[in-house]
Amino acid sequence: MTLSLFRSSLRSARSSTRASTRLATPAWITMTSSRNMSSGSGLADIDPSRVEVVRNASPAVPPPSSGLKFGHTFTDHMLTIPWNVVSGWGVPKIQPYGPLALDPSCTVLHYAQTIFEGMKAYRHDNGKVTLFRPDMNMKRMNTSAARIALPTFDGEALLEIIKQLIRIDKDWIPKEPGHSLYVRPTLIGTQKAVGVGPPSDALLFVILSPVGPYYPKGFKPVSLYGTTEYVRATPGGTGAFKLGVNYAPGILPQKQAAELGYAQNLWLHGPEHYLTEVGTMNMFVVFKKEDGTFELVTPPLDGMILPGVTRDSVLSLARQHVPGLPEKLVVSERPVTMAEVKEASEKGRLVEMFGAGTAAVISPVDRIGYLGEDVHVPTGPDGMGPVSRPIWKELVGRQTGEIESDWSVEI
């Protein structure tokens with residue numbers, strides 16, 4: 001992407017569509033493909049044919065699946081690919097999992113030049129291993145990289161090497177239902193210099209972690225604290241990108257919400273208290289209209305909302321009207337305020353509310369702490385609602401191979 005195109009897109013994004021706090025989606029957020037956006041530069045791109053493999057001489061024994069804690073166990077191998085501003089992408093190397101050697105002056109350590117993705121590999125009953133919609137993760141990773149001046153890459157090429165890494169460590173994929181292999185691609189700036197600017201060096205690495213179900217004992221609705229003291233993102237900021245810098249500032253508000261007795265933050269924005277996201281997940285609300293129609297609502301991709309893969313999947317399945325959904329259902333990507341949610345709760349028109357993300361898939365909500373009182377959200381006997389339940393079943397079915405889908409990409 002050229003600097004002039006970037007500036008033009010940013011100016012376009014800053015023109016308001018309804019109020020000064022709501023933005024249109026910058027065009028360059030949606031136009032990015034999984035291929036290298038700077039492929040015309042003449043620099044070397046990621047090349048699967050150059051992969052070097054160094055096997056772990058002391059492979060570990062995968063631990064019992066019953067003891068897995070999300071993000072705490074890692075497989076025998078990892079992938080590293082260096083980048084340099086002069087030569088481009090270097091030799092991809094699959095090597096034993098271990099520490100990275102970083103200079104203390106590396107830009108990632110001082111200016112948070114880091115992006116990442118999260119996706120899962122699933123083992124099907126017939127032994128086949130698949131990734132779920134990995135092309136979307138590659139597209140988003142390129143978009144995030146461009147936002148903070150990190151190098152972009154051929155997403156299809158990277159995906160081929162990730163598949164090779166997973167094949168090498170496939171024995172680490174749990175066989176039990178609800179389990180999977182979490183895949184974490186990360187890109188960091190590694191220039192050895194203290195100074196703010198595009199890095200001359202970067203490192204892309206991928207690690208793998210076997211994980212169990214997010215709700216091992218069944219769905220448990222969570223409570224949210226409607227956060228007005230802090231904001232997750234602002235117009236013209238970085239909320240629409242998966243950057244490391246977006247996550248650390250949420251830790252203190254999360255801690256304070258927990259001290260008040262709530263499981264997560266509901267990020268609100270502006271004096272109207274627009275709903276944006278739930279913790280680190282996209283957010284959905286279901287209303288019931290006077291004519292009996294159900295409306296599934298999620299905030300639009302206005303530059304503050306992360307374009308989640310699970311978010312897109314939920315919307316697609318709802319619009320396809322998968323089996324089990326209410327007959328009269330409309331899907332809306334529109335702003336929604338806490339005033340609307342509270343009024344709907346008081347009038348019995350609030351049907352359900354849930355978060356959606358890679359880790360939990362669907363996370364139902366049962367109450368929201370807002371301005372000193374709780375707004376109650378209905379939940380079913382199993383913790384879910386009439387819209388989230390059939391969508392979750394369809395989504396998980398496609399992920400695990402029980403339901404045939406072109407969203408599942410074989411390793």
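The values are calculated or read from the model by the stated rules, or taken from the named source; none is laboratory data. All values reported here derive from a predicted model rather than from experimental measurement. As a convention, Cβ positions derive from the backbone with ideal geometry for all residues, glycine included, and neighbour counts pool all protein chains shown. Side chains are part of the model used for accessible areas, which takes the heavy atoms of the whole protein and leaves out ligands, DNA and RNA. Shrake-Rupley method; radii C 1.70, N 1.55, O 1.52, S 1.80 Å.
Numbers below:
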| quantity | calculated |
| --- | --- |
| Strands (runs of 3 or more DSSP E) wholly inside the stretch 41-120 that include at least 1 residues being within 24 Å of the chain's Cα centre (by Cα) | 77-84, 114-116 |
| Residue satisfying all of: in the stretch 261-288; out of contact with any strand residue (DSSP E or B) (no Cβ under 6 Å at 6 or more places or on another chain) and open to solvent by 30 Å² or more (accessible area, probe 1.4 Å); farthest from ASP374 (Cα to Cα) among these | THR280 |
| Of all residues making up the stretch 43-70, the number that are among the small types (Gly, Ala, Ser) and open to solvent by 60 Å² or more (accessible area, probe 1.4 Å) | 5 |
| Which numbered condition SER16 fails, given (1) in contact with a helix residue (DSSP H, G or I) (Cβ under 7 Å, 6 or more places away or on another chain); (2) at pLDDT below 90; (3) open to solvent by less than 70 Å² (accessible area, probe 1.4 Å) | (1) |
| Among the residues listed as GLU327, GLU343, GLU333, the single one being within 21 Å of the chain's Cα centre (by Cα) and open to solvent by 60 Å² or more (accessible area, probe 1.4 Å) | GLU333 |
| Selection count where residues are open to solvent by 10 Å² or more (accessible area, probe 1.4 Å), closer than 19 Å to PHE116 by Cα and not aromatic (Phe, Trp, Tyr), scope the stretch 201-220 | 3 |
| Selected residue (only one of GLY155, GLY178, GLY127 is modelled with pLDDT under 95, under 21 Å from the mean Cα position of the chain (by Cα) and small (Gly, Ala, Ser)) | GLY178 |
| Meets criteria (within 18 Å of LEU306 (Cβ to Cβ), at pLDDT 95 or above and touching an Asp or Glu at 6+ places or on another chain (Cβ under 8 Å)) for MET119 | no |
| Selection from the stretch 205-224 of residues that are modelled with pLDDT of 95 or more and within 18 Å of the chain's Cα centre (by Cα) | PHE205, VAL206, ILE207, LEU208, SER209, PRO210, VAL211 |
| Conditions (1) crowded, with 20+ Cβ neighbours inside 10 Å; (2) within 13 Å of LEU187 (Cβ to Cβ); (3) hydrophobic (A, V, I, L, M, F, W, C); number of the one not met by ILE166 | (2) |
| Only listed residue being of a type in the set (S, T, N, Q) and surrounded by fewer than 21 Cβ atoms within 10 Å (Cβ to Cβ), chosen from THR143, THR107, THR80 | THR80 |
| Criterion violated by VAL231 - all others in (1) of a type in the set (Val, Ile, Thr); (2) in contact with a His (Cβ under 7 Å, 6 or more places away or on another chain); (3) crowded, with 18+ Cβ neighbours inside 10 Å; (4) in a loop (DSSP other than H, G, I, E, B) satisfied | (3) |
| Residue that is touching a Pro at 6+ places or on another chain (Cβ under 6 Å) and open to solvent by 10 Å² or more (accessible area, probe 1.4 Å), where the choices are ALA149, ALA112 | ALA149 |
| Subset of the stretch 360-377 (residues that are part of a loop (DSSP other than H, G, I, E, B) and either surrounded by fewer than 18 Cβ atoms within 10 Å (Cβ to Cβ) or among the hydroxyl-bearing types (Ser, Thr, Tyr) (or both)) | LEU371, GLY372 |
